[in-house]
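What follows is a short report on a single structure.
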Amino acid sequence: MIDLGLSGKRAVVSGAGYIPERAGHGWFTSLALAEAGASVACIDIDEQRAERIAGEIVGRGGNAVPIVADMTDAVQVGRAVDDAVAALGGVDVCVDIIGGATWSKVEDFSTQAWDATIHYNLTQVFYLFQAVTRYMIAQRTGGSLVAIASVDGIAAATYHAAYGAAKAGVISLVKTCADELGRYGIRANAVAPGNVGSGNEDQPPGEYAVNGINPLAAPRAHDIANAALFLSSELAARITGQTLVVDGGATSRQMWGLTESMIPSEPEAALGDFMRPGPSG
Ligand SMILES: NC(=O)c1ccc[n+]([C@@H]2O[C@H](COP(=O)([O-])OP(=O)(O)OC[C@H]3O[C@@H](n4cnc5c(N)ncnc54)[C@H](O)[C@@H]3O)[C@@H](O)[C@H]2O)c1
């Protein structure tokens, strides 16, 4: 049996609740961490959602506490992390789920929408990582930080420029945290989901290449949770500063428009040209 090393660990999940019709990354990640043996502080801006996920974990025999806070507010972030540490007796794992896009063309983006989107997707991650890191350094027991980025921080974020720029910022932030905090045994990584949409949990297993985006299949919410779980676990003990892309292959698509019909009927003939000695040899 493989030990994930999470039994008895103390985890903070920011944005742990579930909103129907959305992906449910907080919900699935909180459940996965609890199932691996961690106690989970389920932080959410909505009291009912925080209580629902914490109750679900407890109902399944795990340990969890609900904490209500607006995690875009630095003061509330500090208070929520204080409360989580007090309730759990420390913090070893931190996963930030919160984020969302605003849509507009580059030439139309308002400064308010830009600022709010950067704050919601990037600045609040910094607030949380900073607050948790201070505890982890004092504990001297290392730790793991994980943020949910997006493939939009790697490729173009067409019509949602601020979101893509913020997620690229998250991908950069985990590298800086990895470099600065490695000396304390603290790791920092990100998960970059592809088109999870509203969860894809109803996607039939075993169906591949059914859309033009994913050569394999669209990722599901629990695939993202598994990636966050892996990066939080001892299996990733020497992985830091990385972004794990979970996109069913979307960002690995070729850029040539090549199709099978373009393969030459006699590929060996082309190899013959290549092997033929040139003027000098
Ligand atoms: N769904 C996708 O296709 C996709 C793709 C790439 C990346 N992502 C990323 O996934 C994350 C969102 O996942 P989701 O749709 O499952 O989450 P969500 O938007 O449903 O939110 C999860 C929880 O966070 C809580 N929350 C929101 N704002 C908060 C705040 N200010 N303070 C505290 N709690 C707050 C909500 O109440 C909710 O319970 C984002 O980071 C998003 O960028 C999603």
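A Gaussian network model of the chain, with springs between Cα atoms under 10 Å, assigns the largest mean-square fluctuation among D70, D92, D223 to D70. Toward the positive end of the charge dipole of the chain, with +1 on the Cβ of Lys and Arg and -1 on the Cβ of Asp and Glu, the farthest Cα among Y159, T141, G100 is that of T141.
Of the trypsin sites (Lys or Arg not before Pro) found in the range 87-140, those that fall in a DSSP loop while having at most 16 other beta-carbon atoms within 10 Å are K105, R140.
Computed from the Kirkwood radius of its Cα pairs, the Stokes-Einstein diffusion coefficient for the chain at 37 °C and 0.692 mPa s stands at 163 µm²/s. Taking the solvent-accessible surface of protein heavy atoms with a 1.4 Å probe, what is the per residue accessible area of the range 1-160 in Å²? In whole numbers, the range 1-160 has 47 Å² accessible per residue. Computed over the chain with a Gaussian network model linking Cα atoms closer than 10 Å, the most mobile of R187, R79, R238 is R238. By definition, a body whose alpha carbon gyration tensor gives a ≥ b ≥ c is prolate when a/c is 1.5 or more and a/b is larger than b/c, and the range 101-148 fits this prolate description.
Taking a straight line from the alpha carbon of K105, these lysines sit under 18 Å away, with near neighbours fewer than eight places off in the same chain left out: K167.
Determine the shape class of the range 40-99: with a ≥ b ≥ c the square roots of the Cα gyration tensor eigenvalues, call it rounded for a/c under 1.5, and otherwise prolate if a/b is greater than b/c, oblate otherwise. Since a/c reaches 1.5 but b/c is at least a/b, the shape of the range 40-99 is classed as oblate. Taking GluC sites (Glu not before Pro) across the range 1-96, the ones in a DSSP loop with at most 12 further Cβ atoms lying within 10 angstrom of their Cβ are E21. Rolling a 1.4 Å probe over the protein heavy atoms of the range 104-146, with every protein chain left in place, gives an accessible area that is 57 percent carbon and sulfur. Note on the chain: with a GNM built from Cα contacts shorter than 10 Å, the maximum mean-square fluctuation among G199, G100, G26 falls on G100. For the chain, adding -39500 (n - 2.57) for each run of n ≥ 4 DSSP H residues and dividing by the number of residues yields -12000 deg cm²/dmol at 222 nm. State the Cα centre-to-centre distance between the range 226-246 and the range 139-199 in whole Å. One Cα centre to the other: 11 Å. Assuming charge only on the beta carbon of Lys and Arg (+1) and of Asp and Glu (-1), the dipole of the chain about its Cα centre is about 780 debye to the nearest 20. Over the range 136-281, the Kirkwood radius and the radius of gyration, each from Cα atoms, give a ratio Rg/Rh of 1.16. Full extension of the chain between E21 and H119 yields a length gain of 32.9 nm, computed as 0.36 nm times the residue separation minus the alpha carbon distance. Each of V68, N195, T240 was placed along the dipole of the chain (beta-carbon charges, centred on the mean Cα), and the one lying farthest toward the positive end is T240.
Peptides 241-247, 125-131 ranked from most to least packed, by the mean per-residue count of other Cβ atoms within 10 Å: 125-131, 241-247.
The values are calculated or read from the model by the stated rules, or taken from the named source; none is laboratory data. On a predicted model such as this, the values are computed, not experimentally measured, just so you know. Reconstructed Cβ throughout: ideal geometry from the backbone, glycine too, with neighbour counts over all protein chains shown. Side chains included, ligands, DNA and RNA excluded: accessible areas come from the protein's heavy atoms. Shrake-Rupley method; radii C 1.70, N 1.55, O 1.52, S 1.80 Å.
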